[in-house]
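Derivation of every value follows stated rules applied to the coordinates shown; laboratory data play no part. Because the structure is predicted, anything quoted here is derived from the model rather than measured. When we count neighbours, we look across all protein chains shown, and the Cβ atoms used for this are built from the backbone with ideal geometry, even at glycine.
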Amino acid sequence: MKIFRYFNGLKKELLIHHAKGDSIGFVPTMGALHEGHLSLIHQSKALTDFTVCSIFVNPEQFNSREDFLKYPSTIERDIELLRGQECDYLFIPDEDEIYPDKKSKSKHFDLGYLETILEGAFRPGHFQGVSLVIERLLSQIDPDYILMGQKDFQQCMVVKKVIELIHSKTKVISCPIIRESSGLAMSSRNMRLSDEEKIKASKLFSSLEFIKNNRNLRSFSDLKDEAINTLQKEGFNVEYLAMAKTKNLELTDTFQQNETYVLLIAAFLNKIRLIDNLVIAG
Ligand code: AMP
């Protein structure tokens, strides 16, 4: 695996691949890698000729400096894990390489409705930060595919929107959520949970399954109220628990046949913010 810190070196390598007609898969991450990230590398390797992974903890997408500073970093271990997956290229830029000047941080992306709901509403500016880094990475790396986790369901849609706005040819591949045996969705933030908190955190997924399993027996709002009550008793502070159509993330309280929905949740367990989701057919 070749490691680059600057776009120039990486782009020289990729030009050779582009000239030969090789396909490139790209997996952007913020590091502190786990099985969820590695599944994206695995899927990229199966789909494309060469895989680029990036590790960059993007300060622009954090809502507080404290959260950014506390974000876990395990770079040596990450490199070993990526070598183990036979990832071809790793890009580890510093902040100046991504944001060379003030102007590069001040672009605005018209994300429309997507930015007004759920993560967009609870984390103001978050998706602008995501858009900034994705636009910079895609415009430089120009991959055929970008592989993203459905764990960040709304983020996948935001990235598709950015691709549309910048007229990029890159296709988004949304990959399944990898979970612990307890059901807890793997996340770099889980590293900040104690063993006891991890067991508790798996109740987020249980609450989504509870709604899924009872959706034909009771109304969504009734199930939602019960799920939130149960989580609150466990010590969670629930920011939202919502249902939306998968095709456009339109929020709804009713199931219809022939429509696919996603249940989405965000909650704090102590100071750690966790998100999860579950796709269900009406
Ligand atoms: P992050 O490092 O958290 O920015 O995540 C980098 C990529 O990995 C994003 O596309 C995430 O959606 C994806 N990802 C994170 N956790 C998981 C998981 N448990 N299963 C699948 N993909 C994941």
What pairs come out if I take residues in the stretch 179-193 that are near the ligand (Cβ under 9 Å from one of its atoms) and pair them with residues that are part of a strand (DSSP E or B) and of a type in the set (K, R) whose C-beta lies under 9 Å away, six or more apart or interchain?
A185/R179; M186/R179; R189/R273
The lone condition F7 fails out of (1) farther than 21 Å from S131 by Cα; (2) more than 13 Å from the ligand (Cβ to nearest atom) is (1)
Subset of the stretch 37-50 [surrounded by 18 or more Cβ atoms within 10 Å (Cβ to Cβ) and either more than 20 Å from the chain's Cα centre (by Cα) or part of a loop (DSSP other than H, G, I, E, B) (or both)]
T48, F50
Condition broken by C53, with the remaining ones in (1) away from the ligand (no atom under 13 Å from the Cβ); (2) under 16 Å from the mean Cα position of the chain (by Cα); (3) not aromatic (F, W, Y) satisfied:
(1)
Please specify each residue of the stretch 152-173 satisfying the condition of being within 14 Å of the ligand (Cβ to nearest atom), of a type outside the set (A, V, I, L, M, F, W, C) and surrounded by fewer than 18 Cβ atoms within 10 Å (Cβ to Cβ).
K160
Scan the stretch 122-141 and tell me whether some residue there is away from the ligand (no atom under 16 Å from the Cβ), crowded, with 16+ Cβ neighbours inside 10 Å and of a type in the set (D, E).
no
Can you name the condition, by its number, that F56 falls short on among (1) crowded, with 19+ Cβ neighbours inside 10 Å; (2) over 23 Å from Y99 (Cβ atoms)?
(2)
Candidate set from the stretch 11-36 (those that are part of a helix (DSSP H, G or I) and within 16 Å of the ligand (Cβ to nearest atom)); member that is surrounded by the fewest Cβ atoms within 10 Å (Cβ to Cβ)
E35
Of all residues in the stretch 177-212 being of a type outside the set (F, W, Y) and touching a Gly at 6+ places or on another chain (Cβ under 6 Å), the one that is farthest from K271 (Cα to Cα):
I178
Which of the helices (runs of 4 or more DSSP H) found entirely inside the stretch 157-237 contain at least 1 residues meeting this: within 30 Å of L111 (Cα to Cα) and not hydroxyl-bearing (S, T, Y)?
203-214, 220-233
Members of the stretch 86-104 that are under 13 Å from K2 (Cα atoms) and part of a loop (DSSP other than H, G, I, E, B)
E86, C87, D88, I92
Of the conditions (1) surrounded by 14 or more Cβ atoms within 10 Å (Cβ to Cβ); (2) under 22 Å from E35 (Cα atoms), I199 clears all except one; give me its number.
(1)
Based on what the data block shows, is L208 in contact with a Leu (Cβ under 8 Å, 6 or more places away or on another chain), touching a residue at least 60 places away in the same chain (Cβ under 8 Å) and buried (at least 17 other Cβ atoms within 10 Å of the Cβ)?
yes
